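Undergrad: Got a structure for you, questions after.
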Amino acid sequence: MVKFHCISSLCLSTYLIAKDIYNPLVSFNLKQIEFTHLGFSMVNKSKVEIEVFGKLWSIVNNKLFEFKGGFYGDKTHWILQPFTEGFGHFYLKDLTNKEIIKLEDFVKKNKISSINFNMQIKYRKVGRRKWIKTSPQNFIYNFDNNLFWLNV
């Protein structure tokens, strides 16, 4: 006869691990494709279908530059199935301020070589109300060298 004994912390840990993959979890990263063209990648690391919105913005000389709609303007969503990856891309130069001035034109006119920009996502299990927001990730883009990096 084989007897099984449950050590309470072990059973609890197993339950938490199993429960954890049913909680929404998405990670993302950015990579340079060419010059001011940046690639966006996200991964659904859970067993549930996820709805994801992105937001990208930059404040340069106290002026807010952002996308007004679409995938990077918090207006259009991605749906990610469990354990899948999604891709997108954008041009930093296409960010505009409220006067509809493009970021590219603004930095040239004001002789600005580098800017900070932020990317944040919010996601939730499809059909749920509660959103999970990531902390905004801050990056630096240097227009003179056409390079960007994480601002740490």
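Undergrad: Over the chain, with a Gaussian network built from C-alpha contacts below 10 Å, which listed residue (E49, E34, E85) shows the highest mean-square fluctuation?
TA: E34
Undergrad: With runs of 4+ DSSP H residues as the only contributors, calculate the mean residue ellipticity of the chain at 222 nm using -39,500 (n - 2.57) per run, divided by the residue total and rounded to the nearest 500.
TA: It comes out at -4000 deg cm²/dmol, rounded to the nearest 500.
Undergrad: Kindly sort K109, K133 by accessible area of their heavy atoms, largest first, with the probe set to 1.4 Å.
TA: So, going from the largest accessible area down, we get K109, K133.
Undergrad: Taking the chain as a Gaussian network, Cα atoms linked when under 10 Å apart, which of I121, I50, I100 shows the biggest mean-square fluctuation?
TA: I100
Undergrad: Long-range amide H contacts for L25: which residues qualify at under 5 Å (H placed 1.01 Å from N, peptide plane, sequence gap of 5 or more or a different chain)?
TA: Answer set, sorted by chain and number: K45, S46.
Undergrad: By how many degrees, 0 to 90 and rounded to 10, does the Cα axis of helix 8-20 deviate from the longest principal axis of the chain?
TA: 40 degrees
Undergrad: Set the bar at 31 Å for Cα to Cα. Now go through K31/K125; K108/K130; K55/K111; K93/K130; K31/K108 and name every pair that lies beyond it.
TA: Result: K108/K130; K93/K130 exceed 31 Å.
Undergrad: Something else: Loop only by DSSP, 15 or fewer other Cβ within 10 Å of the Cβ. Give me the chymotrypsin sites (Phe, Trp or Tyr not before Pro) in the stretch 72-104 that pass, ordered by residue number.
TA: F83
Undergrad: What size of dipole, in debye to the nearest 20, comes out for the chain about its Cα centre when the only charges are +1 on Lys and Arg C-beta atoms and -1 on Asp and Glu C-beta atoms?
TA: Roughly 580 debye for the chain.
Undergrad: For the stretch 19-95, calculate the relative contact order in percent as a whole number, restricting contacts to Cα pairs under 8 Å that are 6 or more residues apart.
TA: 34 percent
Undergrad: With an 8 Å Cα cut-off and a minimum separation of 6 or more residues, compute the relative contact order for the chain in percent.
TA: Computed over the chain, the figure is 21 percent.
Undergrad: A further question on this structure: For the stretch 57-99, which whole-number percentage of the solvent-accessible area (1.4 Å probe, protein heavy atoms only) is attributable to carbon and sulfur atoms?
TA: Exposed carbon and sulfur together represent 54 percent of the surface.
Undergrad: Moving to a separate point now. Roll a 1.4 Å probe over the protein chains and send me the accessible area per residue for the chain in Å².
TA: 64 Å²
The values are calculated or read from the model by the stated rules, or taken from the named source; none is laboratory data. In this text, all values refer to a predicted model and were calculated from it rather than measured experimentally. Cβ coordinates were reconstructed from backbone atoms using ideal geometry, including for glycine residues, and neighbour counts include every protein chain displayed. The accessibility values were calculated without ligands, DNA or RNA, using every heavy atom of the protein model including side chains. Shrake-Rupley method; radii C 1.70, N 1.55, O 1.52, S 1.80 Å.
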